[in-house]
Amino acid sequence: MLNIVLFGKPGSGKGTQANFLKDKYNLVHISTGDVFRKNIKNQTELGLKAEAYTQNGELVPDDVTVLMLENEIKQNLPCKGFIFDGFPRTLYQADEMNKILFKYKMKLSAIVALDVDDDLLTDRLLKRGLISGRSDDQSREKILTRLNEYRNKTEPLIEYYSKINRFHSVSGVGEIHEISLRLLDLVESVK
Ligand code: ADP
């Protein structure tokens, strides 16, 4: 199996590049943000639990998110592999993910961070907000909250994964296809 964790700040292009990798390698793409948005739209139990947090730009509590992730994995097995877009985002989630992977006899092939400057991200997100209608893309304040959540809770994962030597950082600046090529090179080298 090819299992890739793609992480990066809000607006770093995770979703776009995850789609590219999914098509290229026939993977199942689990975007935790998309799963939350779908559930919020359908007002499911999970959606109701996640709604206030996502709308404020805060992370959804770990217990809710971890259960959701395991469900998504379970529903899609067997498959050629997964691309995890937006999970894990906390150290706790990373620990829980290890347990889930062990349970389903899976391993992570690579953890990749898309690296982009905060200034560029805010511009990208405000522009996206005009088209996407996503409420968390509409105000500088909510974007700032998301960037702070990333810095405080997600960034420590870089050190966590560097210790197991599967961590890679790829520049997320440039044309979309250039960034895809960078990722392709990387995945080919770990495959
Ligand atoms: P972005 O990376 O641009 O913030 P996402 O679509 O990945 O967008 O996530 C949107 C929102 O969904 C996040 O702000 C957060 O509220 C929630 N979310 C997504 N993934 C997680 C996660 N692993 N843990 C907690 N909350 C999450």
Of residues in region 149-163 being of a type in the set (D, E, K, R) and touching a Leu at 6+ places or on another chain (Cβ under 7 Å), the one surrounded by the most Cβ atoms within 10 Å (Cβ to Cβ): E149
Just to be sure I understand, how many residues within region 109-134 are within 15 Å of the ligand (Cβ to nearest atom) and within 15 Å of the chain's Cα centre (by Cα)? 6
Taking region 80-91 and keeping residues in contact with a helix residue (DSSP H, G or I) (Cβ under 6 Å, 6 or more places away or on another chain), under 21 Å from L2 (Cβ atoms) and within 10 Å of the ligand (Cβ to nearest atom) leaves D85, G86, F87, P88
Somewhere in region 31-48, is a residue out of contact with any helix residue (DSSP H, G or I) (no Cβ under 6 Å at 6 or more places or on another chain), away from the ligand (no atom under 14 Å from the Cβ) and among the hydroxyl-bearing types (S, T, Y)? yes
From the option list L101, L91, L69, L77, single residue qualifying as within 21 Å of Q17 (Cα to Cα), in contact (Cβ under 8 Å) with a residue 12 or more places away in the chain, out of contact with any Cys (no Cβ under 8 Å at 6 or more places or on another chain) and not β-branched (V, I, T) is L69
Reported set for region 59-79 where residues are touching a strand residue (DSSP E or B) at 6+ places or on another chain (Cβ under 8 Å) and within 8 Å of the ligand (Cβ to nearest atom) is L69
Can you confirm whether region 149-168 contains a residue that is among the charged types (D, E, K, R), touching a helix residue (DSSP H, G or I) at 6+ places or on another chain (Cβ under 8 Å) and without any contact (Cβ under 8 Å) to a residue 40 or more places away in the chain? no
Among the candidates N56, N26, which residue alone is near the ligand (Cβ under 10 Å from one of its atoms), among the polar types (S, T, N, Q) and either surrounded by fewer than 20 Cβ atoms within 10 Å (Cβ to Cβ) or farther than 30 Å from L126 by Cβ (or both)? N56
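A short reminder: the numbers here are calculations on the coordinates, not readings from a lab. Remember, predicted model here, so these are calculated numbers, not experimental data. Every residue, glycine as well, gets a Cβ built from its backbone with ideal geometry; the counts of neighbours run over all protein chains shown.
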